[in-house]
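The values are calculated or read from the model by the stated rules, or taken from the named source; none is laboratory data. Because the structure is predicted, anything quoted here is derived from the model rather than measured. Virtual Cβ from ideal backbone geometry, glycine too; neighbours counted across all protein chains shown. Heads up: the accessible areas ignore ligands, DNA and RNA and are worked out on the full protein's heavy atoms, side chains in. Shrake-Rupley method; radii C 1.70, N 1.55, O 1.52, S 1.80 Å.
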Amino acid sequence: MKNQDIKFMKLAIGKAKAGIKKDQAPFGACIVKNNKVVALSHNLVWKNSDITAHAEIMAIRSACKVLKKIDLSGCTIYSTCEPCPMCFSACHWAGLTSIVFGAKIEDAKKFGFNELAVSNFNLKKIGKSKIKLTAGLLAEENLALFKFWKKQPKSKAY
């Protein structure tokens, strides 16, 4: 783990906290290329009335616009939680080089999210994806996002 990995994950955590304060779900994502932030987003499912508006999807959409291409090879996504199968697939299709995540998909499920409990490692193996996976970066800080979110009066899972 490098200092820059911690820095980028902390940006994703900060973005997730900002989303929680706006009554969104406790997820954030940061996409980086050549040690520069390309996109930073939090979950927008409730705001957009769009079940696909996960933090990773929103960050991928933003990164594609910023870079003016759909090939995000050479980019890393830092996600506060292990991406769901939809988000993992989007990362794969976008050609992201790597995914770094904090909390596990099981953690989201424990907090009431309707997750398909399929790990990114299984998805990578089954799909023969070349994407590099790093799990557990700042896991406790990422898990704390769920606890902070749960204390909010308007917190609701999907």
- Message: Based on this model, can you work out whether THR76 counts as in a strand (DSSP E or B), open to solvent by 20 Å² or more (accessible area, probe 1.4 Å) and within 22 Å of ASN122 (Cα to Cα)?
- Response: yes
- Message: Filter the range 140-158 down to the residues that are open to solvent by 80 Å² or more (accessible area, probe 1.4 Å), in contact (Cβ under 8 Å) with a residue 60 or more places away in the chain and out of contact with any helix residue (DSSP H, G or I) (no Cβ under 8 Å at 6 or more places or on another chain) and list them by number.
- Response: LYS154
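Let's see how each residue does on (1) within 23 Å of GLY14 (Cβ to Cβ); (2) modelled with pLDDT under 95:
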position: ILE70; (1), (2): no, no
position: CYS81; (1), (2): yes, no
position: CYS84; (1), (2): yes, no
position: GLY95; (1), (2): no, no
position: ALA117; (1), (2): no, yes
position: GLU141; (1), (2): yes, no
position: LYS151; (1), (2): yes, no
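Go through the range 30-49 and report how many residues are without any contact (Cβ under 8 Å) to a residue 24 or more places away in the chain and in contact with a Leu (Cβ under 7 Å, 6 or more places away or on another chain).
Of the residues in the range 30-49, the ones without any contact (Cβ under 8 Å) to a residue 24 or more places away in the chain are 36, 48-49.
If we keep only those that are in contact with a Leu (Cβ under 7 Å, 6 or more places away or on another chain) as well, we get none.
Going through the range 30-49 one residue at a time, the tally reaches 0.
Please state which one of ALA59, ALA39 is closer than 26 Å to GLY112 by Cβ, open to solvent by less than 10 Å² (accessible area, probe 1.4 Å) and at pLDDT 95 or above. Spell out how you get there, then give the answer.
On the way: ALA39 fails: closer than 26 Å to GLY112 by Cβ.
Every option except ALA59 fails the conditions.
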- Cβ-Cβ below 7 Å, separation at least six or inter-chain, first residue in the range 107-129 and under 20 Å from PRO26 (Cβ atoms) and without any contact (Cβ under 8 Å) to a residue 12 or more places away in the chain, second open to solvent by 60 Å² or more (accessible area, probe 1.4 Å) and in a loop (DSSP other than H, G, I, E, B): which pairs? LYS109/ALA117
- Which residue pairs have Cβ atoms under 7 Å apart, sit 6 or more places apart or on different chains, and have a first residue in the range 75-97 that is within 15 Å of ILE51 (Cα to Cα) and a second that is of a type in the set (D, E, K, R)? PRO83/GLU56; CYS84/GLU115; CYS87/GLU56; ALA90/GLU56
- Message: Could you check the range 4-34 and list, in sequence order, the residues that are more than 21 Å from LEU67 (Cα to Cα), among the basic types (Lys, Arg) and out of contact with any Lys or Arg (no Cβ under 8 Å at 6 or more places or on another chain)?
- Response: LYS7, LYS10, LYS17, LYS21
- Out of (1) under 16 Å from the mean Cα position of the chain (by Cα); (2) on the phi > 0 side of the Ramachandran plot, what's the single condition that is false for LYS128? (1)
